[in-house]
1. Under 15 Å from the 7 Å Cα→Cβ point of B:THR76, by amide nitrogen: which residues of the stretch B:8-28?
2. Taking a 1.4 Å probe, which of B:MET39, B:MET60 shows the most accessible area, and what order do the others take after it?
3. Just the projected area, averaged over all directions, of the convex hull on the alpha carbon atoms of the stretch B:38-85: how many nm²?
4. Just how much of B:GLU103 is accessible, in Å², when a 1.4 Å probe is used and the result is rounded to the nearest 10?
5. D for chain B, whole µm²/s, Stokes-Einstein with Kirkwood Rh over alpha-carbon pairs at 37 °C and 0.692 mPa s: what number?
6. At q = 0.12, 0.17 Å⁻¹, what log₁₀ I(q)/I(0) does the protein assembly as shown have when each alpha carbon counts as one equal point scatterer in the Debye sum?
7. What's the FRET efficiency of A:ASN18 with B:MET39 using the Cβ-Cβ distance as r and R₀ = 25 Å, to the nearest 0.05?
8. Need one value: the accessible area of B:GLU83 in square angstrom, 1.4 angstrom probe, rounded to the nearest 10.
Amino acid sequence: GESVGLHLPTLSVQEGDNSIINCAYSNSASDYFIWYKQESGKGPQFIIDIRSNMDKRQGQRVTVLLNKTVKHLSLQIAATQPGDSAVYFCAESLTGNQFYFGTGTSLTVIP
Amino acid sequence: EAGVTQFPSHSVIEKGQTVTLRCDPISGHDNLYWYRRVMGKEIKFLLHFVKESKQDESGMPNNRFLAERTGGTYSTLKVQPAELEDSGVYFCASSLGARQYQETQYFGPGTRLLVL
């Protein structure tokens, strides 16, 4: 299968600081990427997506950056809040519908 | 609007027993997916239904796993007989299916399966 991995398994940030979560993917043919947030006891929740014809997309307090040259994806969270504490997964899509997920990064926000 | 629901939320069974997991997708969603996350590892694709048809089952680990979606509504995933390595969290997701390109998949809360 394809390799989708996260550089750091855990990340701790102070409340109010910005967070950056990184993800590497191996298949240059992937053309759709999603970031999911998973809180304890819940399923992954969609945060933001980006298609390969873009290199940046912004949402509410979140920005996803895509660098196709080095096959790197990042999620930036501005002014991190305690409610942002969760495991974050990146996922890439190779075909029309099948997604490949990374192992996840656990984000802890320190009050 | 109700999200994707899964039942049961937890299941503890002994090796060799049978377990059936259920997923109710968001109403009107044609696409239904099953995923599994084994402890500490990535979420892995199992299979994909479009309505009642299996579109892609390349991720099913072996023939002990059987997924059905009769009538194109809810889906079941049966594991028979269960083995220790089947333990993990089983997620179901659904998407609308109205577009040609990739769509956002909405996940259920998962079923936590423990095989002893």
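The values are calculated or read from the model by the stated rules, or taken from the named source; none is laboratory data. If you're wondering where the values come from, they're calculated on a predicted model, not measured in any experiment. Virtual Cβ from ideal backbone geometry, glycine too; neighbours counted across all protein chains shown. Accessible surface is based on the protein model in full, side chains and every heavy atom, while ligands, DNA and RNA are left aside. Shrake-Rupley method; radii C 1.70, N 1.55, O 1.52, S 1.80 Å.
1. Label zone hits: B:8, B:18-24.
2. B:MET39, B:MET60
3. Its Cα hull, projected and averaged over all orientations, spans 3.8 nm².
4. 10
5. Rounded to a whole number, D works out at 233 µm²/s.
6. One equal scatterer on each Cα of the protein assembly as shown leads to -0.65, -1.24.
7. Given R0 = 25 Å and the Cβ-Cβ separation, E is 0.25.
8. Result for B:GLU83: roughly 50 Å² accessible.
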